[in-house]
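First comes the structure, then the notes that go with it.
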Amino acid sequence: MSEAAVEFKQVSKNYGAGFVLENFNLTVPKERIVTIIGPSGCGKTTILKMINRLIEPEAGQILLEGSNIGELNPVELRRNIGYVIQQIGLFPHMTIEENISVVPRLKGEPKQQLKERTEELLSLVGLEPEAYRKRYPHELSGGQQQRIGVARALAANPSIVLMDEPFSALDPISRIQLQKELIKLNEHVKKTIVFVTHDIDEALKIADLIVLLKDGKVVQSGTPEELLNEPANDFVREFIGQERFKPLVPQHTVANMLAHHLSIYSHFKVADALQYVEQHELDALAVTCEQNKYLGIIGREQLQGEQASSSERPINEVMKTDAPYVRGDAPVSQLFELLKKNRIVPVVDASHQLLGAVTQSSFIEAIGKQFNREEVLA
């Protein structure tokens, strides 16, 4: 069994005015969010549409989990690949439930299974099933419609989902919220997501792997950290933005990256903590005693798991005590490494009193503010 979800092998495509892709090679790993980014005309959408055979190559092979897609029935292929586009494309005369279940219905799944799957997917994308499944698309906001688009793409339980600038038409707040939800969603459903975007900030935020293209060729492929820390050439620097490659200056300290209101007392109950994180859309909380001494971490997913059987238990009985934390004078580089794998890193003083916590968002915001200050002073 191939470890790659998709492989392009010596693929070429010519629309008549020259090659968009020529002898193109690319490997997309399984169960990762892979963003494809680059200037207009570099081949991003062509690559995406080749995966589900909306565009056919002139030469080369495209393998889907080891099988040559050129030998597969294109209709069956598309029914087993999720597809989310910018325009969403919901059927206006169908209810939300009918929109989500289109492909499974075509595949002959029983009605009860369709209903259960629809309810499960609505919950996954953060919409209450009973409140939304009988509504029509025009009754939903743009962000809600795009959530339905994502749910529909997942309805047939595909192993791979293609997303062509799905959030670009949304307002900034909805876009940021859906970016966060996509990351959380894929931690749960573990799909291979190939995501085309023009927005480098979006790519850096959501991607496990970024593929940067120019003139139909891969200029650099790697994690966001690899592109930021080891840009392959001047084009990568220019496209990502020179300011992102500035060294961390002394003004960057752990103290000015702290996000507050991210802690809870250890004697609080699981139900209380879950209500707090959901109300404030948090991923985790630092746990302290009443004297503010740091004790551990409790995460949203852990709280959700505990809620069914032990909602009245105090947090100190279920929290993680081995989560990493740093001192207030820790180097920013140490914090950066910890945030690659942890959404929240508590910060303590010499006596183990909690000063606050740093999240991935507060870290990025602090760096961004520093760049803005430098530009104003320049």
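Every number in this text was worked out from the coordinates using simple rules, so none of it is lab data. Keep in mind it's a predicted model, so treat the numbers as computed, not measured. Because the Cβ atoms are built from the backbone with ideal geometry, glycine has one as well, and the counts that use them run over all protein chains shown.
Using mean Cβ contacts within 10 Å as the protection proxy, how do 62-69, 136-143, 33-40 order, highest first? Walk me through the numbers on the way to the answer.
Numbers: 62-69: 16.8, 136-143: 14.2, 33-40: 20.2.
Final packing ranking: 33-40, 62-69, 136-143.
Beyond 40 Å, what share of the Cα-Cα pairs of the chain remains, rounded to the nearest whole percent? For the chain, the fraction of Cα-Cα distances above 40 Å is 23 percent.
Structure remark: mean-square fluctuation, Gaussian network model of the chain, C-alpha springs under 10 Å; the largest value among Ser309, Ser101, Ser159 belongs to Ser309.
Where nothing but the Cβ of Lys and Arg (+1) and of Asp and Glu (-1) is charged, how large is the charge dipole of the chain around its Cα centre, in debye to the nearest 20? Walk me through the numbers before you get to the answer.
Working: 41 positive and 50 negative charges, 118 e Å.
For the chain, the charge dipole is close to 560 debye.
Separation of the range 197-212 and the range 14-80, taken as the distance between their Cα centroids, equals 18 angstrom. Using just its DSSP H runs of length 4 or more, each adding -39500 (n - 2.57), the chain gives a mean residue ellipticity at 222 nm of -10500 deg cm²/dmol after division by all residues.
With a sphere of radius 13 Å drawn around the Cβ of Phe268, what net charge do the other residues whose Cβ falls strictly inside it have (Lys, Arg +1; Asp, Glu -1)?
Details: positive: Lys269, Arg313; negative: Asp272, Glu290, Glu306, Glu312, Glu317.
Local net charge: -3.
Percent relative contact order of the range 4-244, based on C-alpha pairs within less than 8 angstrom and at least six residues apart?
Working: 424 pairs, mean separation 66.5, N = 241.
Relative contact order for the range 4-244 comes out at 28 percent.
Top mean-square fluctuation among Glu226, Glu98, Glu306, Gaussian network model of the chain, C-alpha springs under 10 Å? Sorting by GNM fluctuation, first place goes to Glu306. On the basis of the beta-carbon distance and an R0 of 35 Å, Gln112 and Asn68 show a calculated FRET efficiency of 0.45.
Loop-located trypsin sites (Lys or Arg not before Pro) in the range 119-179 (DSSP state not H, G, I, E or B) with no more than 16 neighbouring Cβ atoms inside 10 Å: Lys134, Arg135. With 0.36 nm allotted per residue and the present C-alpha distance subtracted, the Cys289-Lys184 stretch has 34.9 nm of extension available. Charged neighbours of Glu225, selected by a Cβ distance under 10 Å, balance to -2 (K, R count +1; D, E count -1).
If you run the Gaussian network model on the chain, springs between alpha carbon atoms under 10 Å, then out of Val75, Val345, Val219 the most flexible one is Val75.
Straight-distance candidates among the lysines for linking to Lys30, with alpha-carbon spacing under 16 Å and chain neighbours fewer than 8 residues away dropped: Lys190, Lys191. Applying a threshold of 21 Å to the alpha-carbon distances of Lys205/Lys320; Lys180/Lys341; Lys180/Lys340; Lys217/Lys340 flags Lys205/Lys320; Lys217/Lys340 as lying beyond it. Ratio of Rg to Rh for the range 254-370: 0.97 [Cα atoms; Kirkwood radius as inverse mean 1/r over pairs].
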